[in-house]
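The values are calculated or read from the model by the stated rules, or taken from the named source; none is laboratory data. Keep in mind that what you see is a predicted model, and the values were worked out from it rather than measured. Heads up, the Cβs are rebuilt from the backbone with ideal geometry, glycines too, and the neighbour counts pull from every protein chain shown. We work out accessible area using only protein heavy atoms, side chains counted, and drop any ligands, DNA or RNA first. Shrake-Rupley method; radii C 1.70, N 1.55, O 1.52, S 1.80 Å.
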Amino acid sequence: MKQISSILTSLLLTVMTTITAQPWEQNNAIFNPSGIPSLPFSQPRFADLDGDGDPDMIIGSIDDSPFYMVNTGTVTNPAFTPGPDFFSGVSSLDAEMGICYDIDNDGDLDFISGGFTGLSLYENIGTVNAPIFEKINGFFDGLQVGMSPVPDLADLDNDNDPDLIVGLSESGQLKIYTNTGSPLSAQFSESNVVIIGDVGLYAYPVFYDLDSDGDQDILAGRDEHGFVYYQNTGDPFNAVWETNNDLFEGIGNQTYWNSPDLVDLNGDTKPDLVFGSAAGPLNYYINTGSPSAPVWQLNTTLFGGVLDVGGASNPYFFDFDYDGDLDLFSGSQLGNIIYYENTGTASGPAWEENSGYFTTLKHSIYSAVAIGDVNNDSLPDAIVGDLSGKLYYHRNTGFGFTLVAPALGSVALGGWSSPRLVDLDQDGDLDIVVGNEAGKLNYLQNQGTVTNPAWTLIPNFFGAIDVGSNCVPAIADLDLDGDLDILTGNSFGDIQFFENQGTGWIENPVPVQGLSGGQNTSPALADLDADGDYDLTLGQYGGTFDYFKNNAVVMNSGEITQNHFSIGLSAFPNPFSESPTLQFKLASSADVSMQIVDVYGQEIYTEKCSNMAPGYHSLKWNVGAFPPGVYFIRVILGDKAETVKVIKQ
């Protein structure tokens, strides 16, 4: 292999005041291997919208207009991926959820929705394979269904036109409207309605012939646990409704606001059960019984794996079990501290919730947590914030956590405190940086010792930084000048970068250009693919996590550990076509080695430089004839090393 020539020069670099926008690449599969979005108050419904013979999925929610997932699998082996935006013309006010039905009998599927405005009809003016939905104003005028009704359609009286059931949100009633029109022109009115039951609040009904006797039965979700099943003991001409809840006993008892659909997903002619909930993740039960006597078996492969804390996720990474990979912690809307153990590897994480050890950390709702060994006993402790604006220090005893009330008992930051542990003053112990509801940052300096922390609030330490509301910080040396900068999220989904210029922090939008999050964005920085740079994870109000892979060196993060080794190694340009330049800073004189490693882990070049002086240095790799691809450049000082991934175009 052709030898690579390199030029080592020692020169003092001017401190960088700006940095290149980072190539953030979103890939949420790391927190959601199924790829199915977890939307708050999810309501899945199924219909063949692309006309290929298998059921596609429509997911309603309180977030936005319905989300369409196309079935890219088969009738017997479904697989769902985001499809065309068929619902781009549907107002989110009209459609918290909806179902597809050929209500005008013209051979294609129309969309009947329930939302803030009541019931709405969107006629399909496109085709069977590519629907285009256009609103028909006034179609359901006169029906007393209130806000956020839930509709379904089926022929209940065997007259070949669809009748309508509506679940009400205000009362939980189930109202059936008989169609007094025709198969081509449906008509519904309050003069032809019957109330068949009341499930409490927020009724979510669907039709299906669950006992295979030729008439339609009704399964209804609600805002409580479980379901209510109305079996039709009449006939196809005259329905008689009787509750028979034994069929769904024990299902949905761990979730609220269960909204079901019944659909044959595996092509065995038997209905399977899929339901959403307030938390968001979809639940799937395969029917292992018969067409007339269903038996439900949980299946977690199709929709499983999504991490969702139920609301207000606020991520923080730390290797809690000291096994060499980063585990994930999160606060939550209900105030619980959720712990996901990384059961995978440092470069390929897999998550398993194991929160039992952390149950005593709950104080109030909308919690946040920072983990670190604040007393130097090799046991990671916890600093917890919540909606009250207070902070709580919980010391890890090895058998659980003990609240050390005097340590932070006097701190009150006005609401929604989000703490981060970081050695901000570089004195070897852990300080606390805290965001709050007012959008401000607060600094609690550890004026104690490594073994006996004593935090003191330093007023106005961050000057005029104000991100609006619900500030959540992440701390990192983003400009590689040896001091720690600040990345923030807020309630509006904005992500801001404040550069440490020595005398204060000044906003610099370049490194986070193009990035945005959801409501109550909560950032965390951690190297989740073990490629030597720090990636970005965002929590948000819905309770899930978004992941952005960093394709270039970003930072020396002070959040991860108080003793993290770094020489501020960076490479530019990256990607490159000719020769990249490496930059780093030495705190003292040192012998330095540079290694070039390919993607197979093979060392392809090494060069050494003895007794390099303290200060900033640059190192240039003349790539020569090496082919395009990914390489790793490692700078080694004694038994420590730092690596940067570079890409030759």
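With a 1.4 Å probe and all protein chains left in place, how much of the accessible area of segment 439-539 comes from carbon and sulfur atoms, in whole percent?
In segment 439-539, the share of accessible area belonging to carbon and sulfur is 49 percent.
How would you rank 508-519, 127-138, highest first, on the average number of other Cβ atoms within 10 Å across their residues?
With the highest mean Cβ count within 10 Å placed first, the list reads 508-519, 127-138.
So what's the projected area for segment 436-540, the Cα convex hull averaged over all directions, in nm²?
Averaged projected hull area, Cα only: 7.9 nm².
Throw me the Rg/Rh for segment 349-495, computed over C-alpha atoms with Kirkwood Rh, two decimals.
Rounded to two decimals, Rg/Rh equals 0.96.
Give the shape of the chain as rounded, prolate or oblate, defined through the alpha-carbon gyration tensor: a ≥ b ≥ c are the square roots of its eigenvalues, a/c under 1.5 means rounded, and otherwise the shape is prolate if a/b is larger than b/c and oblate if not.
prolate
Tell me the chymotrypsin sites (Phe, Trp or Tyr not before Pro) within segment 58-117 that lie in a loop according to DSSP and have at most 15 other beta-carbon atoms within 10 Å.
For chymotrypsin sites (Phe, Trp or Tyr not before Pro) across segment 58-117 that sit outside H, G, I, E and B with at most 15 neighbouring Cβ atoms in 10 Å, the list reads PHE116.
Tell me the per residue accessible area of segment 413-558 using a 1.4 Å probe; a whole number in Å² is fine.
31 Å²
For segment 66-97 and segment 162-198, compute the distance between their C-alpha centroids and round to whole Å.
After rounding, the separation between the Cα centres reads 26 Å.
How much accessible area per residue does segment 239-396 have, counting only protein heavy atoms and a probe of 1.4 Å, in square angstrom?
Per residue, segment 239-396 has an accessible area of 37 Å².
Quickly estimate the mean residue ellipticity at 222 nm for the chain, helices only: each DSSP H run with n ≥ 4 gives -39500 (n - 2.57), and the total goes over all residues, rounded to 500.
It comes out at 0 deg cm²/dmol, rounded to the nearest 500.
Cross-chain or 8 or more residues apart, Cα under 22 Å: how many lysine pairs in the chain fit that? Count them up, please.
Going through the chain pair by pair, I get 18.
Tell me the carbon and sulfur percent of the accessible area for segment 199-289, rounded to whole percent, probe radius 1.4 Å.
Looking at segment 199-289 in its full context, I get 45 percent from C and S.
Would you mind classifying segment 218-275 by shape? Square roots of the alpha carbon gyration tensor eigenvalues, ordered a ≥ b ≥ c; an a/c under 1.5 is rounded, otherwise it is prolate if a/b is larger than b/c and oblate if not.
Note, shape of segment 218-275 comes out oblate.
Using amide H atoms built in the peptide plane, which far-off residues or other-chain residues are under 5 Å from ASP308 H to H?
For ASP308, whose amide H was placed from the backbone, there are no distant partners under 5 Å.
Hey, what do the phi angles of segment 54-63 turn into as Karplus ³J(HN,Hα) couplings, whole Hz, using 6.51/-1.76/1.60 and θ = phi - 60°, x for Gly and Pro?
10, x, 8, 10, 10, 10, x, 6, 8, 6
Rounded to a whole number, what % of the accessible area of segment 15-143 do carbon and sulfur atoms account for, probe 1.4 Å?
For segment 15-143, the apolar C and S fraction of the accessible surface comes to 52 percent.
Could you work out the mean projected area of the convex hull around the alpha carbons of segment 12-140, in square nanometres to one decimal?
That works out to 12.0 nm², a quarter of the Cα hull's surface.
Determine the distance separating the Cα centre of segment 290-336 from the Cα centre of segment 345-401; give it in Å without decimals.
17 Å
About its Cα centre, what dipole magnitude does segment 315-460 give when the only charges are +1 on Lys and Arg Cβ and -1 on Asp and Glu Cβ, stated in debye to the nearest 20?
With Lys and Arg at +1 and Asp and Glu at -1, about 720 debye.
Of the options ILE365, LEU184, GLY385, report the single residue whose Cα projects farthest towards the positive end of the charge dipole of the chain (beta-carbon charges: Lys, Arg +1; Asp, Glu -1).
GLY385
Using amide H atoms built in the peptide plane, which far-off residues or other-chain residues are under 5 Å from PHE320 H to H?
ASP327
Could you do me a favour and compute the accessible area per residue for segment 74-190, 1.4 Å probe, result in Å²?
Computed with neighbouring chains in place, this is 41 Å² per residue.
Quick check: pseudo-label points 7 Å beyond the Cα along Cα→Cβ at GLN297 and TYR357, how many nm apart are they?
Output for this residue pair reads 3.5 nm.
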